[in-house]
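Below: one structure, written as structure tokens.
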Amino acid sequence: MTGTECDWLADRKSLSDSTVHMLRECWFLARSLVPAGRVLRRRFNNRGGARILLLPGLFATDAAMRPMRIALRYAGYRPYRWGQGRNLGASADMFDRLDRRLDQLQRRDDRPVILLGWSFGGLMAREYAKVAPHRVRAVITLGSPFSGDLSATMLARVYEWIAGHRVDAPPIECTLSEKPPVPTVAIWSRCDGVIPASAARGATTEADHRIEVSCAHLAFPSDRGALAAILDAIARCCPEEAMSVPAHRPAFAGGDLVRGLAA
């Protein structure tokens, strides 16, 4: 689906009447998960690649990010699970838990880590980078609603049901639209059936770079275009890290992540 075909979706404020779109989201999710087990099992020497901590979306686990981890590893990077189980939204100890995870990753190498967050995971990454910018090299968000007012959307009702608090009253102090003091890239899609495009791309002052892709919200972790956008994002905000990846190495995983992205 092209950007033009998705334009009518881009700035919808309420998605409660979008049954067809939600069915399409479910289809993309099923299509991305079914072939995920058919991956290339091969070890690479990724010691020189940048470290990337992947944060799953709301109610998702590390399993949802598996296709993206495999593809990034194949591309030469060192992706890591967040290791926190199911993402149940903001909590009072959210920053402490991320601190402990980064303690593990930076025990032998204290260089800053790239945070890559899908949907709500991207919001967590942005907010953590504001309180611990010395630990974060850059933040890359995938369909994360950091801009505008989402309190009237269907997403807000789902979030409040899962997290147990109002979307506009989280248990931590935060200003979602405020840009973290580290390089920040917002990857967004007009075809997103869950997050309004305006919320995920933000204003020019809310992210350093904004990259558009064409995929459904639930397909971000397994979409070929999303992976290409992530590689582009790293090249834009961390050029020294991007240059360390062999240009000839292809990225591969189940679903839409296929060989030859670097070609």
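The values are calculated or read from the model by the stated rules, or taken from the named source; none is laboratory data. What you are looking at is a predicted structure, and each value in this text was computed from that prediction instead of being measured. Cβ placement follows ideal geometry from the backbone for every residue including glycine, while neighbour counts extend to all protein chains displayed. Heavy atoms of the whole protein, side chains included, go into the accessibility calculation; ligands, DNA and RNA do not. Shrake-Rupley method; radii C 1.70, N 1.55, O 1.52, S 1.80 Å.
Just a few scattered comments:
- Lone qualifier among L53, L40, L72, L29 - being over 20 Å from A229 (Cβ atoms) and either modelled with pLDDT of 85 or more or not basic (K, R) (or both): L40
- The C-beta contact set for segment 186-210 (first residue open to solvent by 10 Å² or more (accessible area, probe 1.4 Å), second residue at pLDDT 95 or above and β-branched (V, I, T), distance under 7 angstrom, 6+ apart or interchain) comprises D208/T184; D208/V185; H209/V185.
- Scanning segment 180-190 for residues that are under 15 Å from R236 (Cβ atoms) and part of a loop (DSSP other than H, G, I, E, B) yields V182, P183.
- Filtered residues of segment 219-229 (kept if in contact with a Cys (Cβ under 7 Å, 6 or more places away or on another chain) and either surrounded by fewer than 24 Cβ atoms within 10 Å (Cβ to Cβ) or not in a loop (DSSP other than H, G, I, E, B) (or both)): G225, A226
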